[in-house]
Amino acid sequence: MCGIVGYIGTKHAYPILIKGLERLEYRGYDSAGVAMISESGGLNVYKAKGKVSDLKAFCEEKDTTGCAGIAHTRWATHGEPNSTNAHPHFSASGRLALIHNGIIENYITLKEKLVSRGIQFRSATDSEVLVQLVEYIMQSNGIELLEAVQVALHQVIGAYAIAILDREHPDTIICARQSSPLVVGLGNDEAFYLASDASPIAEYTDKVVYLNDGDIAVLQLGQELKVVNMDNETQTPNVKQIDVTLGQLEKGGYPYFMLKEIFEQPSCLRDCMRGRINVDADRITLSAVIDYREKLVNARRIIIVACGTSWHAGLIGKQLFESLCRIPVSVEYASEFRYRDPVIYPDDVVIAISQSGETADTLAAIELARKAGAFVFGVCNAIGASIPRQTTTGVYIHVGPEIGVASTKAFTGQVTVLSMLALCIANERRTIHGDQYKEMVKELTQIPAKMELALKTNEQIERLAPIFTYAKNCLYLGRGYNYPVALEGALKLKEISYIHAEGYPAAEMKHGPIALIDSEMPVFVIATRDRLYEKVISNIQEVRARGGRVTALVTEGDTQIQKFADHIITLPDTMDCFQPLIASIPLQLLAYHIAVCKGKDVDRPRNLAKSVTVE
Ligand code: M6R
């Protein structure tokens, strides 16, 4: 949701903080702010409504000197987006500045207590209560910042990643995490970097420490990183090496990250399969399946928990596991699962799918599954994030950082990992024939090349896009493996162009949504040549008979559908189960070009955040 950056070292902090905010802007962008201890020892706090570029403009004539600072880009939860509610928040005396990502659930109780003791609040946020509480504890007990943070956090209920700057101790930043991500970078020149994820840190150092829940870190210039918990017990920081290139964090000549990420899917999927599918393309090796063979092979049932696009990937996973492994699968919205009273057996395998690895609902669903004794397996992209750390084992999708808020390459990466996993388990369970296994593994390795062909539809789609900008509603239809593709296509359009869209199983249309169809309603049908092809043709005719305007995704060589469709987009052929990897590409491109035609900010759609770390 919000993005946090911090720096303490010997360099000028401001440019590092601003660059860091720009890298994290995908997490939230309704307001931004920065606090620095200036060369003269003052604590300067600057905030602006809007994007990081607005903050930069605001700071142009200001004193931005100093080698220690914290900065924040906000996605509002409590209090409207304006400069008062923007972070950093400062304490009553102006001595402390604090940034926060998360939600403080008991902030009203804490605020009332502080107000009754004469403390005046400036903002409508839950976050301000933290900085006021810490200073109040410091003053009333005559203790230093670290101890006051420990006392304060004992009183706080909720999720937080925080960083605090103290005017009286300009050589130190104190930060803490509970259920919201926070990474400390260890610079070669004794500097410390701090961020919500490794992307703002990667260009300065490859050594990072992912803080754990309950950790409080002291970043003091010239000292080793100190990590303690709320009871002041020393924690041993686990230093990890990160492998993120600058190219992965930049647009590389594309106007938007989303377009770059759509186009990098073939190479991402090659990376995803590298080292897992052998050179002869006849065997998949996943270490998680080797290490936990018994658990996976003997699963009584698989429960997939995820949100948004990752949930759509889960729907494809269901079909793969059921058809190849003959294991029953249920696919759950993590946000619903966590608040139901679901039946979970100890011999269930729960697969949590998440690009960011930080989605609060998915983390809560994992917690529930663990408590019920299930074996929890993660499918994640962000290395070292909370979900891979809270699952027993799992498989990274390895598609590189995804910056565009609308998920694209993570979706195809997730489907690829689920395909490999299903094939591995099916092979171990002997629920597919050896020849079929080999044939499918081989076909999976052909997918990146077929995606390259699918990407050639870009120019055609760019030409078509203006036709659809007038639409108020769109329908996406698909069946079998292509039904989740329809859901995902509709989600992409909604997210970035703000056109209402619905994904539907094509045959279900006649049970209701068919009433919506008229000549104003664009209908996108995934009608590739698979086992339900003839049925989908009938569904297209039902749409046509009601004046609907059909754009169909068809398999190369198709001669039938052009008779009924207004537009056809031709795609390379593949096996039914891998069709989503190909068919999702033109739908991603379609959403992208429609949004661009409508003048929307594709990478920063309104109201959305890349990583939803609040429930
Ligand atoms: O990081 P996650 O995969 O857990 O995120 C889940 C959803 O928030 C995410 O897929 C969201 O729906 C995307 N904006 C879709 O494009």
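The values are calculated or read from the model by the stated rules, or taken from the named source; none is laboratory data. This one's a predicted model, so the numbers in the text were calculated from it and none came from an experiment. Because the Cβ atoms are built from the backbone with ideal geometry, glycine has one as well, and the counts that use them run over all protein chains shown. The protein model used for the area step is the full one, side chains on, heavy atoms only, and it has no ligands, DNA or RNA in it. Shrake-Rupley method; radii C 1.70, N 1.55, O 1.52, S 1.80 Å.
Give, as a single signed number, the net charge of other residues whose beta carbon lies under 14 Å from the beta carbon of Thr10, with Lys and Arg counted +1 and Asp and Glu -1.
Its environment carries a net charge of -3.
Which one, Ala97, Ile447, Ala32, projects farthest toward the positive side of the charge dipole computed for the chain from Cβ point charges (K/R +1, D/E -1)?
Selected residue: Ile447.
Ranked from the most accessible area to the least, with a 1.4 Å probe and all protein chains present, what is the order of Cys67, Cys424? Could you put the intermediate results ahead of the total?
Values: Cys67 55, Cys424 10 Å².
Correct descending sequence by accessible area is Cys67, Cys424.
Just report the Cα centroid separation between the range 317-365 and the range 235-258, whole Å.
Going from one Cα centre to the other spans 28 Å.
Between the range 38-82 and the range 514-555, what's the alpha-carbon centroid distance in Å?
Taking the Cα centre of each part, the range 38-82 and the range 514-555 sit 51 Å apart.
Probe of 1.4 angstrom, ligands and nucleic acids ignored: what's the accessible area per residue over the range 131-201, in square angstrom? Mind dumping the intermediate values first?
Numbers: 2120 Å² over 71 residues.
In whole numbers, the range 131-201 has 30 Å² accessible per residue.
Identify the GluC sites (Glu not before Pro) of the range 244-286 meeting these criteria: DSSP loop state and at most 14 other C-beta atoms within 10 Å of the C-beta. Can you show the working numbers first?
Numbers: sites: Glu250, Glu261, Glu264; in loops: Glu250, Glu264.
Loop-located and lightly packed - Glu250.
For the chain, give the percent of accessible area contributed by carbon and sulfur heavy atoms, probe 1.4 Å, rounded to a whole number. Please report the intermediate quantities before stating the final value.
Numbers: 11080 of 23130 Å².
That share works out to 48 percent.
Just subtract the alpha-carbon distance of Lys371 and Gln241 from 0.36 nm times their residue separation and send over the number in nm, one decimal.
That works out to 43.7 nm of additional length.
Restricting to lysines 8 or more places apart or on different chains, can you count the pairs in the range 490-598 with Cα atoms under 21 Å from each other?
Details: Lys492/Lys598; Lys494/Lys598; Lys510/Lys535; Lys535/Lys563.
Lysine pairs, 8 or more places apart or on different chains, close enough: 4.
Could you tell me whether the chain comes out rounded, prolate or oblate from its Cα gyration tensor? Rule is a ≥ b ≥ c as square roots of the eigenvalues, rounded for a/c under 1.5, then prolate if a/b exceeds b/c, otherwise oblate.
Numbers: a/c = 2.07, a/b = 1.65, b/c = 1.25.
Prolate, because a/c is 1.5 or more and a/b exceeds b/c.
Hey, which of these cross-link pairs are over 22 Å Cα-Cα: Lys49/Lys207; Lys19/Lys51; Lys19/Lys207; Lys19/Lys62? Write down the numbers at each step before the final one.
Details: Lys49/Lys207 33 Å; Lys19/Lys51 13 Å; Lys19/Lys207 19 Å; Lys19/Lys62 17 Å.
Lys49/Lys207, as the Cα separations exceed 22 Å there.
Using 0.36 nm times the number of residues separating Glu322 and His154, minus their current alpha carbon distance, what extension gain do you get?
Extending this stretch completely gives an extra 55.9 nm.
What is the range 453-542 by shape, rounded, prolate or oblate, if you read a ≥ b ≥ c off the alpha carbon gyration tensor as root eigenvalues and call it rounded for a/c under 1.5, prolate for a/b larger than b/c, and oblate otherwise?
Values: a/c = 1.67, a/b = 1.17, b/c = 1.44.
Oblate, because a/c is 1.5 or more while a/b does not exceed b/c.
Starting from the Cα gyration tensor of the range 567-615, take the square roots of the eigenvalues, sort them a ≥ b ≥ c, and report rounded, prolate or oblate (rounded when a/c is under 1.5, otherwise prolate if a/b is larger than b/c, else oblate).
On the way: a/c = 4.84, a/b = 1.53, b/c = 3.17.
Oblate shape, in that a/c is at least 1.5 and b/c is the bigger or equal ratio.
Quick one: net charge of Ala465's neighbours, Cβ under 15 Å, K/R +1, D/E -1? Working shown, then result.
Details: positive: Arg463, Lys492, Arg549, Lys598, Lys600; negative: Glu459, Glu462, Asp566.
Local net charge: +2.
Where the centre of each part is set by its Cα atoms, how far does the range 83-132 sit from the range 418-492, in angstrom?
So the two Cα centres are separated by 47 Å.
What value, in deg cm²/dmol to 500, does the helix sum -39500 (n - 2.57) over DSSP H runs of n ≥ 4 give at 222 nm once divided by the residues of the chain? The partial results should precede the final answer.
Values: 20 runs with 221 residues, N = 615.
After summing the helix terms and dividing by the residues of the chain, the value is -11000 deg cm²/dmol.
On a full-extension model of 0.36 nm per residue, what is the gain between Thr10 and Gln436, subtracting their alpha-carbon distance, rounded to one decimal in nm?
Values: separation 426, 0.36 × 426 = 153.36 nm, distance 6.04 nm.
Taking 0.36 nm per residue and subtracting the Cα distance, the gain is 147.3 nm.
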